[in-house]
Amino acid sequence: MSFPNPFLLLNYEPALESLGDDYFDIVSAAEFPRHILRFRNDQVLLKLGLDPQSVTDADFIQAFGYFQAQQLPLALRYHGYQFGEYNPFLGDGRGFLYGQVRGTDGELYDFGTKGSGTTPYSRGGDGRLTLKGGVREVLAAEMLHVLGVRTSRCLSLIETGEALWRGDEPSPTRSSVMVRFSRSHIRFGTFERLHYLNRPDLTQKLLNHVIQYYYPHLWNQPDQYTHFYAELVQRVAKLVAEWMSVGFCHAVLNTDNMSITGESFDYGPYAFIDQYNPRFTAAYFDYFGRYSYGNQPSICRWNLEMLQVPLKAVISSTEMEAGLSQFEQHYHTAYLQRILNKLGFEGSEALEEAISERYPQGVATHLLKLTLQLLQEAQIGYHDFFLALRQQFSADWRTDKSLIFAAGESQSDAVMECFAQWRSHYHQILTTLPEEKMGAIAQRLNQHNPSTILLRPEIEAIWEPITVEDDWTPFYDLLKRIWDSVIQPEV
C-alpha cells in the first residue's frame, strides 16, 4: 500500500508568483540519470510540521530529484554588484524557486533549488552543482545554524549521476542537486535590476510584497518604508556580527548574495578562520581581499548603501541615510554581545550593571579589546582559545587568578604581556560577580563555544573517502559532531 508524498500535500502559497512575470521566468528542471539521496534534513521537516518517520527517502527523490509538483518552477531575475562592478547579466542560472510554504512558526519559507538545470540566466553554464559544492553548503548551513547564526539551511542533497568539468575542482567531478530552505530568495540585486530597467512602479510593488510577507509588523504603518530600511540595516549589522563572532568568512558578498530579509545564504568558497586574522580571504579569486574576514562589516554597509539607489524611487535619501548611520552602533552592540557570550558573560548592559559599583564603566568593551589583541598577537587558534576556556573554566578562577589558563604560558614576552592583561581583566570581572553566577558562566561557555568547528581540513578529510571509496560515514559523523558541538541550556 502506497501513501501520498507529504511534500506534494503541503499547502504551497503562490506569494512571489502573484507578483507577475516581471520578476521571474517559468523554467523546467533537468532530467538526471541517477537519484541518490545523500542528505535529508529531518530537523527542517519538523519545522514544516512533518513527522520525519512518515517521509521516505523516495518522497525526497520524487519531489526534489524528479521535481514532481503542482507549482511552477520560477527562475528569479536580478542584477548585482560583483566585486564592486555592476553586472546586469545575472539571475537564477542553475536553480529556481520550487515553492513557498508556511512553517509551524507561521512564517513563509522558500524551497530554492541549486544545480537543477539551465535557465535563461545560465550564461553558457551547465546549470549544475558539483557534489562537493553541495556537501560544503550542507555543512556550512548546519554549522552556522548550531552557532546561532541566522542562516538558510539545506533540506536535501541528491547525487544525480553526471560528470561535470570545473576549473576549481579535479574533473570530471560528480553532480548533485540541492534544495535550500530559506526565508526568501529576494536579493538586494532584485531591486537593483528594477532600477536598471527604470521601473519604479515595479520597485514599489516588490517593496510592498517584501514588507507584507517578511516585515508584517510594519505593513500599513506610518512611514513603513523608512522603518523597513532601518530594520534591514539592523538585521544585516547583526548578521555580520554573528559571522565575525564565530569566525566565518562568507567569501563572496556581492549584492546578489545579500538577502532582503537579512538572512545568510548562498555559500560558495566560504571558510572559518583558523587564527584571528582580519586580512584572511576565503576565495582564491579575491585577489585584492575585498571580501576578507575583517572587511565584512564595511562591505555589508556598502551593499546597504548601494541598495539605496533603487529604493530612492520609494524612500527619501535623507531617511535612508539616517537608518544607515546606525549600522556601526548596531554592529558593535551585537558583536560585543556575542563575544561576551563566548567569554561566558551576559550582554554588556547586564555586565556593566552587575559590576558598576566596583569597576569603571566600559569594562565590557575593554575586555573585547584585550581579547582581540591577545588573539591577534598570540596567533593561537581562534576556536581553540574559546574551546579551552569552555573546557578549563572553573569557579576557582574567581578566587585564584593563577589558575586561569595555568598551562598556557610558553610564548614571547610581548604575547605573555597581552595574556597577563587579559587574565587580570577577566579575573577582576569574575571577582565582581557573585559566586552563584559561576554556573551560568559555565553554561554560556558550553552554549557558545563549539567542540567541533568546520575548518577546511575537516571538509577535505570527509571528502576524500567520498571520492575514493564512496564512503559517506565520515560525512554523517561530522554532521553529528556539529549538531552535538554545543550544549544548550536546559529549559
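Values in this text are rule-based calculations from the coordinates and carry no lab data. What you see is a predicted model, and the numbers here were worked out from it, not measured in a lab. No Cβ is skipped: glycine too gets one built from the backbone with ideal geometry, and neighbour counts run over all protein chains shown.
Structure notes:
- Extension gain for K312-N220 works out to 31.2 nm (0.36 nm per residue, less the C-alpha to C-alpha distance).
- Peptide packing: for 465-476, 142-153, the average count of neighbouring Cβ atoms within 10 Å per residue gives the ranking 142-153, 465-476, highest mean first.
- Square roots of five times the Cα gyration tensor eigenvalues for the stretch 311-390, Å: 32, 19, 11
- Efficiency of FRET between A440 and Q326 - r from beta-carbon atoms, R0 25 angstrom, step 0.05: 0.25
- Estimated D of the stretch 189-335 in µm² per second, where Rh is the Kirkwood radius over Cα pairs and Stokes-Einstein applies at 25 °C, 0.890 mPa s: 154 µm²/s
- Entries of K312/K342; K114/K342; K132/K342; K369/K437 with Cα pairs more than 28 Å apart: K312/K342; K114/K342; K132/K342
- Computed over the stretch 6-185, the P(r) curve from all C-alpha pair distances, binned at 10 Å from the origin, holds 9, 37, 39, 14, 1 percent per bin.
- Relative to its residue count, the chain spans a Cα convex hull of 170 Å³ per residue.
- Ranked S451, S175, criterion: other C-beta atoms within 10 Å, fewest first: S451, S175
- Here, the stretch 162-259 is characterised by an Rg to Rh ratio of 1.09, where Rg is the alpha-carbon radius of gyration and Rh the Kirkwood radius.
- Counting 0.36 nm for each residue step from S412 to L46 and taking away their Cα separation leaves a gain of 126.6 nm.
- Listed peptides 2-12, 372-382, 265-275 appear in the order 265-275, 372-382, 2-12 once ranked by packing, highest mean of other Cβ atoms within 10 Å at the front.
- 222 nm mean residue ellipticity, helices alone, for the chain (DSSP H n ≥ 4; -39,500 (n - 2.57); rounded to 500): -13500 deg cm²/dmol
- Helical segments meeting 24 Å axial Cα length and Kyte-Doolittle -0.5 threshold in the chain (DSSP H): 224-245, 413-432
- Efficiency of FRET between W302 and Q212 - r from beta-carbon atoms, R0 25 angstrom, step 0.05: 0.35
- Rg and Dmax [Cα atoms of the stretch 143-199; Å; Rg one decimal, Dmax integer]: 16.8, 44
- Within the stretch 353-491, the proportion of C-alpha pairs whose separation exceeds 26 Å stands at 38%.
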